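Student: Dumping the structure here so I can ask a few things about it.
The values are calculated or read from the model by the stated rules, or taken from the named source; none is laboratory data. Predicted model only: the values in this text are computed from it and were never measured. Every residue, glycine among them, receives a Cβ derived from its backbone with ideal geometry; neighbour counts consider all protein chains shown.
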Amino acid sequence: MRSIRSFPILPKLGNYLYLDKALFALLLLLLSISTLTMYSAAYDFPGRFALHLRNVAVACGIMFIIANVPPTALMRLGPFLYGAGVLLLLAVDLVGTIKKGSQRWLHIGFEFQPSELMKIATPLMLAWYFHTYSDIRRTRLFVVAAALLTVPVLMILKQPDLGTSILVFAAGFYITFLAGLPWKVLFGLAGTAVMSLPFMWPMLHDYQRDRILTLLNPEADPLGKGFQIRQAIIAIGSGGVPGKGWLQGTQGHLGFIPERSTDMVLSVFSEEFGLIGIIVLLMLFAFLIVRGMQISAGAVTLFSRLMAAAMAMIIFTYVFVNIAMVSGMAPVVGIPLPFLTYGGTALVTICVACGILAAVHREARRSTKERR
């Protein structure tokens, strides 16, 4: 497929500041939907909408910077970011701030959650590793990769932060799988994971077991542990096909949906824009993921190909898990919906992923021009 040409942001700086036209259009549409949804969801939270706009501006600025960093520079940065991230996770374990029973933050003038860094640092490290050591024995290659992935995942699980550990594991797994992980190993790992489920149950925290039990039977405690998911499902259903209209949602504006501007923001969007809005939103996410995979297919190095594919699949994981969570098909694990959920750190992570996609496309575009 012929590559889509790049879109110049500023004519005089077209060779430096740009985004892929398709990527830019999709991000613009998603951020527009995000602005409308957050205005409604944060209607009763003074200042939150303004903070969301600030987060969008900061995240987009970081995305444009990353988009203009050569993938070779990102590759060299991978081991340093990974090492720094592991050290910061160790610091969290020793002197981290505790909130609501979880020790996830460092206070360094402002509160910082190092586990968010590992969503990008871990796939960067693994992509660098497979690019650099692709010629060693396959058994050793994947054993070392598994160790590199396991260390941050276990450290994040200990905090505890199941949602972030799932995303870090997924990012690292996508890199490892795309690097050529044998299918027989994959099936063996899947079988081992299934057989180990009965032994993992006692190892879960009480709140994690509660979430699983609530998923299986939300009616067991409809006004307590099952309240959040029941109200989210009611809001999704009450929107019908056309939706109630922007700012007309009753479940959200009457305060029935807890966390309506964060994890459950999809229920607010669904109530106001209905099934039609959900279909449009899912199509935009699908186009974004497909575009990411197209960029991966056109990459000029193994590192770029692995990173681009992993970034696209990270976005898929965010979308899939959040929708499953809000619709009652998966336990609530605190994974945000890309662009729509309130929160600066998650938005920056997603925009960094999009910036990496743009950087890989820029590299491929320059390589094509040089061959001509």
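Student: Out of the range 232-250, which residues are crowded, with 16+ Cβ neighbours inside 10 Å, in contact with a Ser or Thr (Cβ under 6 Å, 6 or more places away or on another chain) and outside any helix (DSSP H, G or I)?
Tutor: Scanning the range 232-250 gives a single hit, G239.
Student: Looking at A73 and the list (1) within 30 Å of T301 (Cα to Cα); (2) of a type in the set (A, V, I, L, M, F, W, C); (3) in contact (Cβ under 8 Å) with a residue 12 or more places away in the chain, which single condition is not satisfied?
Tutor: For A73, the exception is condition (3).
Student: For the range 314-329, name all the residues that are in a helix (DSSP H, G or I) and either among the aliphatic types (A, V, I, L, M) or touching a residue at least 24 places away in the same chain (Cβ under 8 Å) (or both).
Tutor: Residues satisfying the conditions are I314, I315, F316, T317, Y318, V319, V321, N322, I323, A324, M325, V326.
Student: Okay, moving on. Would you pick out the residues in the range 110-133 that are more than 22 Å from M313 (Cα to Cα) and of a type in the set (S, T, N, Q)?
Tutor: Q113, T132
Student: A further question follows. Scan the range 300-307 and give yes if some residue there is assigned to a helix (DSSP H, G or I), aliphatic (A, V, I, L, M) and surrounded by fewer than 20 Cβ atoms within 10 Å (Cβ to Cβ), otherwise no.
Tutor: yes
Student: Is it the case that I350 is over 29 Å from I212 (Cβ atoms) and part of a helix (DSSP H, G or I)?
Tutor: No.
Per-residue answers, yes or no, for (1) among the acidic types (D, E); (2) within 23 Å of P123 (Cβ to Cβ):
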{"position": "R48", "(1), (2)": "no, no"}
{"position": "L53", "(1), (2)": "no, no"}
{"position": "M63", "(1), (2)": "no, yes"}
{"position": "A67", "(1), (2)": "no, yes"}
{"position": "P71", "(1), (2)": "no, yes"}
{"position": "G78", "(1), (2)": "no, yes"}
{"position": "V86", "(1), (2)": "no, yes"}
{"position": "L89", "(1), (2)": "no, yes"}
{"position": "D93", "(1), (2)": "yes, yes"}
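Student: Is it the case that some residue within the range 311-330 is of a type in the set (A, V, I, L, M), touching a Cys at 6+ places or on another chain (Cβ under 9 Å) and within 27 Å of G172 (Cβ to Cβ)?
Tutor: Checking the range 311-330: at least one residue is of a type in the set (A, V, I, L, M), touching a Cys at 6+ places or on another chain (Cβ under 9 Å) and within 27 Å of G172 (Cβ to Cβ).
Student: When you go through I33, I66 one by one, which is the residue that is at pLDDT 90 or above, over 18 Å from P336 (Cβ atoms) and assigned to a helix (DSSP H, G or I)?
Tutor: Going through I33, I66 in turn, just one is at pLDDT 90 or above, over 18 Å from P336 (Cβ atoms) and assigned to a helix (DSSP H, G or I): I66.
Student: Mind listing whichever residues of the range 251-272 are more than 21 Å from G343 (Cα to Cα), out of contact with any Phe, Trp or Tyr (no Cβ under 7 Å at 6 or more places or on another chain) and either among the acidic types (D, E) or buried (at least 21 other Cβ atoms within 10 Å of the Cβ) (or both)?
Tutor: Q251, E271
Student: Collect the residues in the range 288-297 that are surrounded by fewer than 21 Cβ atoms within 10 Å (Cβ to Cβ) and among the small types (G, A, S), keeping them in residue-number order.
Tutor: Once the filter is applied, which keeps residues that are surrounded by fewer than 21 Cβ atoms within 10 Å (Cβ to Cβ) and among the small types (G, A, S), the range 288-297 yields only A297.
Student: List pairs: first residue in the range 358-369 and polar (S, T, N, Q), second residue in a helix (DSSP H, G or I) anywhere in the structure, Cβ distance under 7 angstrom, at least six positions apart or on different chains.
Tutor: Final answer for the pair search is none.
Student: If L275 passes every condition in (1) surrounded by fewer than 23 Cβ atoms within 10 Å (Cβ to Cβ); (2) more than 14 Å from the chain's Cα centre (by Cα); (3) more than 24 Å from Q251 (Cβ to Cβ) but one, which one does it miss?
Tutor: (3)
Student: Please find, within the range 125-148, the residue that is surrounded by the most Cβ atoms within 10 Å (Cβ to Cβ) out of those that are under 17 Å from L89 (Cα atoms) and touching a Phe, Trp or Tyr at 6+ places or on another chain (Cβ under 7 Å).
Tutor: Here the residue is M125.
Student: Under 7 Å by Cβ, and 6 or more places apart or on different chains, what pairs join a residue from the range 120-133 that is modelled with pLDDT under 95 with one that is polar (S, T, N, Q) and surrounded by fewer than 21 Cβ atoms within 10 Å (Cβ to Cβ)?
Tutor: Close Cβ pairs (under 7 Å, with a partner that is polar (S, T, N, Q) and surrounded by fewer than 21 Cβ atoms within 10 Å (Cβ to Cβ)) amount to H131/T301.
Student: Could you list, in sequence order, the residues of the range 299-325 that are among the aliphatic types (A, V, I, L, M) and more than 16 Å from the chain's Cα centre (by Cα)?
Tutor: Listed by number, the residues that qualify are A299, V300, L302, L306.
Student: Also, I was wondering about something else. Tally up the residues in the range 133-157 that are under 26 Å from the mean Cα position of the chain (by Cα) and polar (S, T, N, Q), please.
Tutor: 1
Student: Only residues that are surrounded by fewer than 20 Cβ atoms within 10 Å (Cβ to Cβ) and either in contact with a Pro (Cβ under 9 Å, 6 or more places away or on another chain) or not β-branched (V, I, T) (or both): list them for the range 335-362, please.
Tutor: Listed by number, the residues that qualify are G343, G344.
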